[in-house]
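Taking it in order: structure first as structure tokens, then the write-up.
Values quoted throughout were computed directly from the atomic coordinates according to the rules given, and no laboratory measurement underlies them. Small disclaimer: the values here were computed from a predicted structure and weren't measured. Heads up, the Cβs are rebuilt from the backbone with ideal geometry, glycines too, and the neighbour counts pull from every protein chain shown.
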Amino acid sequence: MAFIRCAFFSEVLKQHTYITLAMPDAGTKRTTWPVLYLLHGETENSTTWFREVNVEGIANQYGVLAISFDAMSSSYADMVHGGKYFTFYTQELPRILSARFPVRTERENTYIAGFSMGGQGALKAALQYPERYGACIAISGVRDVVKLFECWKNMEDGPDLSGVI
């Protein structure tokens, strides 16, 4: 089992950021791993899943590479006055991950889960890009998706919902 905390410069966010990974034991026969993206809540960071849940044990038991990243209090959105977090975790991060780690990128091997604000972000990604995620888990995430989509439509720089509805 490898536990990795990695800092790098994000071209999308225009800043240095962190990812935290749990990678299964290399001694197994598998050479590439399914990916589980873990999105944290509003007051948390990429280490929360690993400190509060036995992510390392789960990743090792099920043979999945688990990854979390710092999203601040972004609501996992592309912000007008802030980072483009939605673009970061749906576009740039998968490219960075697949270029540096032995991961599987097929839909059936890519999962996303989130808690609270992260649950909303997981749902947003899975609904915007259903062809990318084999499963989505939202724990204490948004409760009324229709109301949320109406709210997003009224946001100054909300997500493009044309492919969802």
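Quick look at the values:
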quantity: Search result, residues across region 80-133 that are aromatic (Phe, Trp, Tyr) and under 17 Å from Thr20 (Cα atoms); calculated: Tyr85, Phe88, Tyr89, Phe101, Tyr111, Phe115
quantity: Every pair of residues 6+ apart whose Cβ atoms lie under 6 Å, when the first sits in region 41-68 and is surrounded by fewer than 16 Cβ atoms within 10 Å (Cβ to Cβ) while the second is assigned to a helix (DSSP H, G or I); calculated: Glu42/Met117
